[in-house]
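First the structure, then my questions, so here it is.
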Amino acid sequence: MHDLPAAAANSSSSSRPGTQRSVLLLQGLMGPLFRRLGQELTRTGHTVHKVNFNGGDRIYWRLPNGIEYRETLEEWPDRFGEILRDKQVTDVVLFGDCRPHHMPAIRICREQDVPVHVLEEGYIRPDWVTLELGGVNGHSSLPRDPEWYRQTAAVLPPVPPHAQVPSSFRRRAMEGIIYNFADVLTRWHYPGWSNHRPWHPVVEGIGWWRKLSRKKEREANAAQLLARLGSAPEPYFLFPLQLDSDAQIRLHSPFAGIADAMRLVIESFARHAPADARLVLKEHPLDNGVRDWQQISADLADLFGVRDRLDYLVGGDIVPIARGARGVVTINSTSGTLALAEGVPVVALGHAVYDIPDITFQGGLDAFWRNPVAPDRETFAAFRRVLIERCLIPGGFFSEEALAKVVRHAVARLEGRPMLPE
């Protein structure tokens, strides 16, 4: 059996139960997640500091021990090293391991043997959140050996009972608007700040307005297509789009953006898929509408002669769509684990933590269209069990109940305690 990867082993040894920690929070999700986490860590006896890089960070913190960072990205590594020393930091917590300020921080922490706990939206959804040591997806320390998962899972107890948590898209949107509004209004106070997202908040706002103004029309079109997919005899493949600004695309895949991936997938489909098969592209629910992916996909379909075999889905529940698909093509989206859980064949085009022999198709995209191989259920179940044990905690971000649960479990994980009962 393989040993636990070094980063994960260091995590368990550095977080002994009962040890007081000095926790440094960097950037979090847009919203109150890190304020709630800071409050709970402080309540349980730990010291907490939070670096604020812009007005959005600051407006959602509003607790003592905030550190205002107003200098440039180039000056950040030296300042971060000073903070580690001055605050005697034992643990760093951040959301997203590929943000410009987070990447040098992770490198410095690795050099100084300071554990970095990376939060992300869950590898497995819904109702799970990723909390992994060192990095996620392409930066994950988890192995790609299916036998390691089968052997490791065999000695783990069953997953404790797991309950769903509510989630509000409206809440998510409002928290993003507040964050971006505070960021724009305080740029003068943070002259060194440069947003990691490619679009200015005002441009994103216009995109959202344009998208939401057509909400009823888009919902009607989605319902019509879903009904047709459910009753049509033709097989279809599903390609769930990811966010163009996502670091999982730009740093953990061979693509510069979603347009490059769309071109590869549509061209491969045109050349190699069975003549009776269709390709369904599903828009990401959080796409800001700045780029018209529906038109871009139609233009590519025209270019490769498959316009009459391509569908673009703007909304709807992905579960039944994935369940009915002959196969799912993904870059490294969590839609991949959703499809695998349904026993649907999946091919991953980027660096995905679940891209493992016996789980995903290993023969390449061109061969996938004609011979999609379903995952081995035993291996995927073992992978899922290990993932929950090492990298996931219950909860979510966009309701009070979900936040309370994720904070409670995050503190337990940081303290080295086992998963709490629901």
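I'd like the full set of residues that are at pLDDT below 90 and out of contact with any helix residue (DSSP H, G or I) (no Cβ under 8 Å at 6 or more places or on another chain), limited to the range 310-332.
ASP317, the sole residue that qualifies.
Would you confirm, using the coordinates I've provided, whether GLY38 is under 26 Å from ILE177 (Cα atoms), free of Cβ contacts under 8 Å to residues at least 40 places away in the same chain and either in contact with a His (Cβ under 8 Å, 6 or more places away or on another chain) or not assigned by TED's automatic domain parsing to the domain that holds SER140 (or both)?
Numbers: under 26 Å from ILE177 (Cα atoms): yes; free of Cβ contacts under 8 Å to residues at least 40 places away in the same chain: yes; either in contact with a His (Cβ under 8 Å, 6 or more places away or on another chain) or not assigned by TED's automatic domain parsing to the domain that holds SER140 (or both): no.
It is false that GLY38 is under 26 Å from ILE177 (Cα atoms), free of Cβ contacts under 8 Å to residues at least 40 places away in the same chain and either in contact with a His (Cβ under 8 Å, 6 or more places away or on another chain) or not assigned by TED's automatic domain parsing to the domain that holds SER140 (or both).
At pLDDT 95 or above and surrounded by fewer than 18 Cβ atoms within 10 Å (Cβ to Cβ): is that true of ASP299 in this structure?
Values: at pLDDT 95 or above: yes; surrounded by fewer than 18 Cβ atoms within 10 Å (Cβ to Cβ): yes.
The answer is yes for ASP299.
Do we find that ILE106 is part of a helix (DSSP H, G or I) and closer than 18 Å to GLU175 by Cβ in this structure?
Numbers: part of a helix (DSSP H, G or I): yes; closer than 18 Å to GLU175 by Cβ: no.
So ILE106 fails the test.
Filter the range 388-408 for residues that are in a helix (DSSP H, G or I), out of contact with any Gly (no Cβ under 6 Å at 6 or more places or on another chain) and not β-branched (Val, Ile, Thr); which is farthest from TYR149 (Cα to Cα)? Break it down stepwise before answering.
First pass over the range 388-408, keeping only residues in a helix (DSSP H, G or I): 388-391, 400-408.
Keeping just the survivors that are out of contact with any Gly (no Cβ under 6 Å at 6 or more places or on another chain) gives 388-391, 400-401, 403-404, 407-408.
Narrowing further to those that are not β-branched (Val, Ile, Thr): 389-391, 400-401, 403-404, 408.
Working: GLU389: 11, ARG390: 12, CYS391: 14, GLU400: 34, GLU401: 32, LEU403: 30, ALA404: 31, ARG408: 27 Å.
It comes out as GLU400.
If you check ARG307, ARG323, ARG278, which single one turns out to be without any contact (Cβ under 8 Å) to a residue 24 or more places away in the chain, within 24 Å of PRO375 (Cα to Cα) and not hydrophobic (A, V, I, L, M, F, W, C)?
Numbers: ARG307 fails: within 24 Å of PRO375 (Cα to Cα); ARG278 fails: without any contact (Cβ under 8 Å) to a residue 24 or more places away in the chain.
Testing whether each residue is without any contact (Cβ under 8 Å) to a residue 24 or more places away in the chain, within 24 Å of PRO375 (Cα to Cα) and not hydrophobic (A, V, I, L, M, F, W, C) leaves just ARG323.
Follow-up question, since we're still on this one. Check whether at least one residue in the range 248-269 is of a type outside the set (Gly, Ala, Ser), touching a residue at least 40 places away in the same chain (Cβ under 8 Å), buried (at least 20 other Cβ atoms within 10 Å of the Cβ) and touching a strand residue (DSSP E or B) at 6+ places or on another chain (Cβ under 6 Å), and report yes or no.
yes
Okay, next question. Could you tell me whether the range 46-57 includes any residue that is under 22 Å from VAL406 (Cα atoms), of a type in the set (D, E, K, R), in a loop (DSSP other than H, G, I, E, B) and in contact with a Gly (Cβ under 7 Å, 6 or more places away or on another chain)?
For the range 46-57, residues under 22 Å from VAL406 (Cα atoms), of a type in the set (D, E, K, R), in a loop (DSSP other than H, G, I, E, B) and in contact with a Gly (Cβ under 7 Å, 6 or more places away or on another chain): absent.
Could you say whether any residue in the range 96-104 is closer than 25 Å to ARG36 by Cα, surrounded by 21 or more Cβ atoms within 10 Å (Cβ to Cβ), of a type in the set (Asp, Glu) and assigned by TED's automatic domain parsing to the domain that holds LYS405?
yes
Given the criterion part of a loop (DSSP other than H, G, I, E, B), of a type in the set (A, V, I, L, M, F, W, C) and within 27 Å of SER167 (Cβ to Cβ), identify the matching residue among LEU286, LEU281. Before you say what the answer is, go through the steps one by one.
On the way: LEU281 fails: part of a loop (DSSP other than H, G, I, E, B).
The match here is LEU286.
Looking at the structure I just gave you, is LEU300 within 26 Å of LEU340 (Cβ to Cβ) and in contact (Cβ under 8 Å) with a residue 24 or more places away in the chain?
Values: within 26 Å of LEU340 (Cβ to Cβ): no; in contact (Cβ under 8 Å) with a residue 24 or more places away in the chain: yes.
When the stated conditions are applied, LEU300 does not pass them.
For PRO372, all conditions in the list (1) buried (at least 22 other Cβ atoms within 10 Å of the Cβ); (2) in contact with a strand residue (DSSP E or B) (Cβ under 6 Å, 6 or more places away or on another chain) hold save one; what is the number of the exception?
With (1) buried (at least 22 other Cβ atoms within 10 Å of the Cβ); (2) in contact with a strand residue (DSSP E or B) (Cβ under 6 Å, 6 or more places away or on another chain) applied to PRO372, the lone miss is (1).
Is it true that some residue in the range 403-418 is under 17 Å from the mean Cα position of the chain (by Cα) and either farther than 30 Å from PRO115 by Cα or among the hydroxyl-bearing types (Ser, Thr, Tyr) (or both)? Walk me through it before giving the result.
As a first pass, look at the range 403-418 and keep what is under 17 Å from the mean Cα position of the chain (by Cα): 403, 406, 410.
Then keep just the ones that are either farther than 30 Å from PRO115 by Cα or among the hydroxyl-bearing types (Ser, Thr, Tyr) (or both); that gives none.
Looking through the range 403-418, none of the residues is under 17 Å from the mean Cα position of the chain (by Cα) and either farther than 30 Å from PRO115 by Cα or among the hydroxyl-bearing types (Ser, Thr, Tyr) (or both).
As an exercise: evaluate GLY343 against (1) small (Gly, Ala, Ser); (2) surrounded by 22 or more Cβ atoms within 10 Å (Cβ to Cβ); (3) in contact with a helix residue (DSSP H, G or I) (Cβ under 7 Å, 6 or more places away or on another chain) and give the number of the one condition it does not meet.
(2)
In the range 133-159, which residues are touching a His at 6+ places or on another chain (Cβ under 8 Å) and aliphatic (A, V, I, L, M)?
Scanning the range 133-159 gives a single hit, LEU133.
Name every residue in the range 117-161 that is assigned to a loop (DSSP other than H, G, I, E, B) and small (Gly, Ala, Ser), in order of residue number.
Residues of the range 117-161 that are assigned to a loop (DSSP other than H, G, I, E, B), as a first pass: 122-127, 134-136, 140-145, 155-161.
GLY122, GLY134, GLY135, SER140, SER141 - these are the residues of the range 117-161 that are assigned to a loop (DSSP other than H, G, I, E, B) and small (Gly, Ala, Ser).
Select from the range 329-373 the residues that are within 14 Å of PHE269 (Cβ to Cβ) and free of Cβ contacts under 8 Å to residues at least 24 places away in the same chain and list them in ascending order.
GLY364
So ALA227 passes all but one of these: (1) in contact (Cβ under 8 Å) with a residue 12 or more places away in the chain; (2) assigned to a helix (DSSP H, G or I). Which condition number does it fail?
(1)
So how many residues does the range 131-144 have that are modelled with pLDDT of 90 or more and surrounded by fewer than 21 Cβ atoms within 10 Å (Cβ to Cβ)?
Of the residues in the range 131-144, the ones modelled with pLDDT of 90 or more are 131-134, 142-144.
Among the residues that remain, those that are also surrounded by fewer than 21 Cβ atoms within 10 Å (Cβ to Cβ) are: 143-144.
So the count comes out to 2.
Conditions: (1) under 29 Å from GLY176 (Cα atoms); (2) touching a helix residue (DSSP H, G or I) at 6+ places or on another chain (Cβ under 7 Å). VAL406 meets all but one. Number of the miss?
Single failed check for VAL406: (2).
Let me ask another. Which condition breaks for ASP366 when tested against (1) modelled with pLDDT of 95 or more; (2) assigned to a loop (DSSP other than H, G, I, E, B)?
So ASP366 meets the others, but not (2).
The values are calculated or read from the model by the stated rules, or taken from the named source; none is laboratory data. What you are looking at is a predicted structure, and each value in this text was computed from that prediction instead of being measured. All Cβ positions, glycine included, derive from the backbone under ideal geometry; neighbour counts span all protein chains shown.
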